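The values are calculated or read from the model by the stated rules, or taken from the named source; none is laboratory data. Since this is a predicted model, take the numbers as computed values, not measurements. Heads up, the Cβs are rebuilt from the backbone with ideal geometry, glycines too, and the neighbour counts pull from every protein chain shown.
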């Protein structure tokens with residue numbers, strides 16, 4: 001059986017219904033059913049409203065015939081039709097979509113649930129029933145409407161190290177009373193629209209929207225060591241991860257989502273302890289660690305409903321200081337040209353170079369620097385000179401180094 005005089009949405013019927021197809025029209029004007037037959041004049045048409053048992057036979061002028069087909073016009077909506085052709089019976093059901101448009105009344109987010117920071121339920125009110133059809137067996141079957149639920153969320157982009165927009169589109173079928181989604185990370189607008197029949201007929205999809213204020217707090221906090229220029233006489237290299245020599249400067253970034261209203265950083269200032277701390281009520285902070293040991297830094301991000309946290313361990317290495325006993329500033333260019341201490345993790349430093357009469361030839365406070373064997377820009381004579389170096393290590397060790405240094409040609 002085929003359709004003439006219309007372009008309906010065609011859906012397969014449940015086999016138990018005894019129907020071959022369900023036809024959904026957008027208005028019944030001009031709609032007709034056609035059945036090809038070797039003997040069209042012998043075919044009989046029937047219409048029913050509830051089941052095969054209440055079927056009534058139809059007659060002219062609704063039925064016309066050609067040499068190869070019998071055609072039934074003047075169709076009624078929400079009725080079943082079948083044609084009997086000898087020993088065969090072919091049955092369909094006809095629905096007028098104009099009598100069953102997709103409708104919604106409102107969307108209402110549930111904001112008082114205990115798991116509001118994990119999932120969100122959106123109540124759908126006024127959702128139209130699915131399209132019903134009656135089988136020859138008298139039972140009611142349904143063509144499920146298809147609904148589209150859309151909104152824009154945020155997601156974390158690890159490569160870009162930032163949040164990015166995330167369009168979300170969910171397809172649902174059947175009668176809707178609610179929709180559950182993951183708790184959004186930002187304020188958004190929910191839209192529910194439908195259905196596939198309206199889309200098929202080129203009609204504007206019915207929709208309903210509601211604004212939602214997000215409450216879920218998330219953080220992708222980072223701790224980034226501030227790279228500093230490493231002296232060629234610094235022992236053990238620079239920072240690796242969150243471990244390095246003092247002074248170890250670290251930037252802490254909260255990386256929170258928009259619903260976050262408070263960020264508090266806790267810096268535990270005693271190595272290995274969570275008893276003594278200072279806190280900063282700031283989004284991002286910078287802190288310099290000068291004491292050897294491992295320190296815990298925690299972030300608490302929150303609003304009135306939700307919270308999230310992050311934790312970091314920063315380790316400052318132990319100190320070291322050693323002094324050479326000779327250098328060759330002129331005889332081997334590029335090699336051992338300066339008197340430099342070997343050091344690691346010093347928080348204070350002071351050094352002096354003197355001649356035998358106690359005159360200070362060079363003085364420095366940065367352990368990465370060194371003496372090149374000159375005084376007032378002129379090379380001094382080869383011989384024995386004296387140094388005094390004092391320093392304080394990250395571990396509290398007080399260094400006092402005194403000795404002689406041989407300046408060799």
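Residue under question is residue 34, and the condition is that it be outside any helix (DSSP H, G or I) and surrounded by fewer than 18 Cβ atoms within 10 Å (Cβ to Cβ); does it hold? No.
On the given criteria, is residue 283 surrounded by 13 or more Cβ atoms within 10 Å (Cβ to Cβ) and touching a residue at least 40 places away in the same chain (Cβ under 8 Å)?
Values: surrounded by 13 or more Cβ atoms within 10 Å (Cβ to Cβ): yes; touching a residue at least 40 places away in the same chain (Cβ under 8 Å): no.
Answer is no for this residue.
Could you figure out which of (1) surrounded by 18 or more Cβ atoms within 10 Å (Cβ to Cβ); (2) part of a strand (DSSP E or B); (3) out of contact with any helix residue (DSSP H, G or I) (no Cβ under 6 Å at 6 or more places or on another chain) isn't true of residue 10? Only one criterion in (1) surrounded by 18 or more Cβ atoms within 10 Å (Cβ to Cβ); (2) part of a strand (DSSP E or B); (3) out of contact with any helix residue (DSSP H, G or I) (no Cβ under 6 Å at 6 or more places or on another chain) is unmet by residue 10, namely (1). Out of all the residues in the stretch 371-389, which are farther than 14 Å from residue 360 by Cβ, touching a residue at least 24 places away in the same chain (Cβ under 8 Å) and part of a strand (DSSP E or B)? Across the stretch 371-389, the qualifying residues are 379, 383, 384. Confirm whether residue 198 is more than 30 Å from residue 248 (Cβ to Cβ), touching a helix residue (DSSP H, G or I) at 6+ places or on another chain (Cβ under 9 Å) and free of Cβ contacts under 8 Å to residues at least 24 places away in the same chain. When the stated conditions are applied, residue 198 does not pass them. Would you say residue 217 is touching a residue at least 24 places away in the same chain (Cβ under 8 Å), part of a strand (DSSP E or B) and surrounded by 14 or more Cβ atoms within 10 Å (Cβ to Cβ)? Considered against the rule, which asks whether it is touching a residue at least 24 places away in the same chain (Cβ under 8 Å), part of a strand (DSSP E or B) and surrounded by 14 or more Cβ atoms within 10 Å (Cβ to Cβ), residue 217 comes out as no.
Looking only at the stretch 6-25, which residues are over 14 Å from residue 78 (Cβ atoms) and touching a residue at least 12 places away in the same chain (Cβ under 8 Å)? Hits for the stretch 6-25 are 6, 9, 10, 11, 13, 14, 16, 17, 18, 20, 21.
Within the stretch 132-145, take every residue that is touching a strand residue (DSSP E or B) at 6+ places or on another chain (Cβ under 8 Å) and surrounded by fewer than 17 Cβ atoms within 10 Å (Cβ to Cβ) and give me the one that is nearest to residue 53 (Cα to Cα).
In the first step, residues of the stretch 132-145 are kept if they are touching a strand residue (DSSP E or B) at 6+ places or on another chain (Cβ under 8 Å); the result is 132-136, 140-145.
Then drop every residue that is not surrounded by fewer than 17 Cβ atoms within 10 Å (Cβ to Cβ), which leaves 132, 140, 142, 144.
Numbers: 132: 19, 140: 15, 142: 21, 144: 26 Å.
Here the residue is 140.
Against the criterion of being touching a residue at least 60 places away in the same chain (Cβ under 8 Å), under 27 Å from residue 254 (Cα atoms), outside the structural domain of residue 110 (by TED's automatic domain parsing) and surrounded by 18 or more Cβ atoms within 10 Å (Cβ to Cβ), residue 226 does not qualify.
Restricting the stretch 176-189 to residues that are closer than 14 Å to residue 111 by Cα and over 17 Å from the mean Cα position of the chain (by Cα) leaves a set whose member that is surrounded by the most Cβ atoms within 10 Å (Cβ to Cβ) is 179.
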